[in-house]
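Below is one structure, written out as structure tokens, with a few remarks after it.
Nothing in this text is a laboratory measurement; each read-out follows from the coordinates by a stated rule. Predicted model, so just to flag it, every value in this text is computed and none were measured.
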């Protein structure tokens with residue numbers, strides 16, 4: 001398995017999201033709007049990104 005990383009950025013507020021959605025955003029390590037985080041490219045992280053794709057952006 002390669003050690004590649006993914007950088008993501010929170011683009012929308014989590015106000016109005018369900019508790020499960022807020023927990024997923026926190027699980028990705030994102031706290032505020034425009035906060036960026038670099039994570040390992042694992043299936044678990046990709047699944048969380050896919051579930052929250054409306055709120056985040058993949059930074060190249």
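Tell me the relative contact order for the chain as a rounded percent, counting alpha carbon contacts under 8 Å between residues six or more apart.
Working: 76 pairs, mean separation 31.4, N = 60.
That works out to 52 percent.
Fully extending the segment from residue 51 to residue 38 would add 2.9 nm, taking 0.36 nm per residue of separation and subtracting the current Cα-Cα distance. Using equal-weight Cα scatterers in the Debye expression, the normalised intensity of the chain in log10 at q = 0.13, 0.22 Å⁻¹ is -0.29, -0.81.
For the chain, adding -39500 (n - 2.57) for each run of n ≥ 4 DSSP H residues and dividing by the number of residues yields -8500 deg cm²/dmol at 222 nm.
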